[in-house]
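See structure below.
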Amino acid sequence: MTLPTPSAAGVWGKCPGSVPLSAQFPDLLPSEAKQEGIAGHWVAHQVATLGKPAVGTITPNGWAVDEAMIDGGVLYHGSIFSIANHRGGMSKVCFEQPLALDFILEGMKGRPDASLFTGPELHVWEYKYGHSEVSPVENPTMVLYALSILEKHGINGLADQHIKVFFHVVQPRCYTSGGAFRTWSCMAADLRGPGNILQHSAGVSQKPNPPTLVGEHCHKCSGRRGCATFKRASDRDKDYAGTAVPLGITGHELATELMYCEEAFARLSARRDALAEQAEHEITTGRSVPGYEMQRGAGAEKWKVPPTNVAGFGDMLGVDFRKPLAVDTPAQCRDKLKKKGVDGALIAPYIERIPGKLKLGIADYSLIQKAFKA
């Protein structure tokens, strides 16, 4: 089921009681995107704590490490190092440290990717290898992590007025105007309100017949394929999609119509994913779903012999199969220079940033809100 407020998707599933409706509908099939995300997350943790794994290394969930995963791990490590280096060093950073979230639900636990508490400051990192943007602004999961860490250090309602909290989201494959490393900050006291809302919602979710509301949180809820509220919302969206679009609307009316379509499209996409998962499960377990079948893609080619053999074979044919010289990315170079105590600005003249493609998006008013809070 979905919660009446934005859910903390990273921690609800770690609660023994879970959310009643979701518990009735566990994931039927392993999502490739989810498995790739798990693998990418493992690589990032390795890079940040132990060092780079070799390309081709098999992760605990069976995926092969590729260069993109390693590049993401380097970005993750650099985002932590750039902050920790001036606040006691990397040894002060807590990686994957279990946290008790009993103040939300009894027995609930969480595990932040990384955190650093210095006294005057608290930094919490969240690494996401997926493409969908995750905002650090009042991020529910990170709010719970921060409150748990503050509670662990005995921070009360008076002391939290003098502690600044920073939420860092690292997404190497999410290309936004804010970049792959985005940060939001507030005073620790400002987290008490959102924490109370999440606590109330968690309590409501455990009732025998809790209320359900559709929203972005539905996309990652396994119970959506059995949720009547989500189905009704999707059916309304299907009816709406079949209506004629009025011409000549502008300004506020245009913005309202477009925003409704964006939300409806997102719900229909989530509904389609849930139905597709159910259909795949039916077919793979021997049942019939008329009009559908499991089809295997062409797959990717790879060499069955070592690279030296491939290069030698190319030489015999008079063709060079070798790759040209490759160098680190600008971010990786700056990270290496920083470790040597060299100013990364020295390589700035040799770097250019390719402008991203212009596209329509929802306006982000978080900076304006932050300015008024200052």
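What number of residues within segment 70-94 are surrounded by 21 or more Cβ atoms within 10 Å (Cβ to Cβ) and not in a helix (DSSP H, G or I)?
Qualifying residue count, segment 70-94: 1.
Here are GLY17, GLY10: which of them is more than 20 Å from the chain's Cα centre (by Cα), modelled with pLDDT under 60 and of a type in the set (Gly, Ala, Ser)?
It is GLY17.
Any residue in segment 95-110 that's surrounded by fewer than 21 Cβ atoms within 10 Å (Cβ to Cβ) and of a type in the set (Lys, Arg): show its pairings with residues that are assigned to a strand (DSSP E or B) and at pLDDT 85 or above at Cβ separation under 8 Å, as long as the two are six or more apart or on different chains.
LYS109/LEU99; LYS109/ALA100
Evaluate the following for PHE167: is it under 16 Å from the mean Cα position of the chain (by Cα), buried (at least 23 other Cβ atoms within 10 Å of the Cβ) and among the aromatic types (Phe, Trp, Tyr)?
Criteria met by PHE167.
Which condition number in (1) loosely packed, with under 15 Cβ neighbours inside 10 Å; (2) in contact with a strand residue (DSSP E or B) (Cβ under 9 Å, 6 or more places away or on another chain); (3) not aromatic (Phe, Trp, Tyr) is the one that GLU67 fails?
With (1) loosely packed, with under 15 Cβ neighbours inside 10 Å; (2) in contact with a strand residue (DSSP E or B) (Cβ under 9 Å, 6 or more places away or on another chain); (3) not aromatic (Phe, Trp, Tyr) applied to GLU67, the lone miss is (2).
For THR141, only one of the following conditions fails: (1) assigned to a loop (DSSP other than H, G, I, E, B); (2) surrounded by fewer than 22 Cβ atoms within 10 Å (Cβ to Cβ). What is its number?
Looking at each condition in turn, THR141 falls short on (1).
Per-residue answers, yes or no, for (1) loosely packed, with under 11 Cβ neighbours inside 10 Å; (2) at pLDDT below 75; (3) in the same structural domain as GLY56 (by TED's automatic domain parsing):
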site	(1), (2), (3)
LYS238	no, yes, no
GLY242	yes, yes, no
ILE249	no, yes, no
LEU254	no, no, no
TYR292	no, no, no
GLU301	yes, yes, no
ASP315	no, no, no
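Out of the residues in segment 105-163 meeting the condition of being in contact with a Ser or Thr (Cβ under 8 Å, 6 or more places away or on another chain) and of a type in the set (Val, Ile, Thr), tell me which one is nearest to ILE197 (Cα to Cα).
VAL137
Yes or no: GLU280 closer than 16 Å to GLU32 by Cα, out of contact with any helix residue (DSSP H, G or I) (no Cβ under 7 Å at 6 or more places or on another chain) and at pLDDT 80 or above?
yes
Within segment 170-200, count every residue that is surrounded by fewer than 19 Cβ atoms within 10 Å (Cβ to Cβ), at pLDDT 75 or above and more than 19 Å from LEU122 (Cβ to Cβ).
7
When segment 114-135 is examined, which residues are found to be farther than 13 Å from ILE149 by Cα and either assigned to a loop (DSSP other than H, G, I, E, B) or polar (S, T, N, Q) (or both)?
PRO120, LYS128, TYR129, GLY130, HIS131, SER132, GLU133, VAL134, SER135
The values are calculated or read from the model by the stated rules, or taken from the named source; none is laboratory data. What you see is a predicted model; the values in this text were computed from it and never measured. Ideal geometry is used to build each Cβ from the backbone, glycine not excepted, and the neighbour counts take in all protein chains shown.
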